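The values are calculated or read from the model by the stated rules, or taken from the named source; none is laboratory data. Quick caveat, the model's predicted, so the values are computed rather than measured. Note that we place each Cβ from the backbone using ideal geometry, even for glycine, and neighbour counts take in every protein chain shown.
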Amino acid sequence: MIVCKDCGRELPESSFKMTRWGKRAQVCNECAGKKIVEAKKQNNAARNQMLRSLRLKDFTPRELMQELARRGYEGELTYTEVHKIDITNF
């Protein structure tokens with residue numbers, strides 16, 4: 001029987017994975033799974049925050065063309081600019 005360092009329960013050896021060095025892990029499979037799920041949620045939240053900060057509208061056309069060229073795109077790039085003008089004030 002081994003005591004889990006995370007939850008403190010005493011569990012059989014079959015509840016602990018083997019490490020790559022051939023020893024038993026000190027955290028049970030259940031606690032290890034919870035930690036993995038938590039880490040994935042945090043990583044996804046950080047990634048989503050980063051993607052939100054990279055909006056296309058924040059880049060100039062020149063920056064977009066340079067990025068496409070840097071990534072290996074070739075050829076002709078055309079784009080349309082849309083300007084909204086309120087004419088009710090004239």
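For residue 26, all conditions in the list (1) free of Cβ contacts under 8 Å to residues at least 12 places away in the same chain; (2) under 23 Å from residue 3 (Cβ atoms) hold save one; what is the number of the exception? For residue 26, the exception is condition (1).
The set of residues in segment 47-90 being surrounded by fewer than 10 Cβ atoms within 10 Å (Cβ to Cβ) and aliphatic (A, V, I, L, M) consists of 50, 51, 54, 56, 82, 85, 87. Inspect all residues belonging to segment 6-24 and state whether any of them is in a helix (DSSP H, G or I), farther than 30 Å from residue 77 by Cα and out of contact with any strand residue (DSSP E or B) (no Cβ under 9 Å at 6 or more places or on another chain). The answer is yes; a qualifying residue exists.
Let's see how each residue does on (1) in contact with an Asp or Glu (Cβ under 6 Å, 6 or more places away or on another chain); (2) among the hydrophobic types (A, V, I, L, M, F, W, C); (3) part of a helix (DSSP H, G or I); (4) at pLDDT 85 or above:
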| position | (1), (2), (3), (4) |
| --- | --- |
| 35 | no, no, yes, yes |
| 46 | no, yes, yes, yes |
| 51 | no, yes, yes, no |
| 66 | no, no, yes, yes |
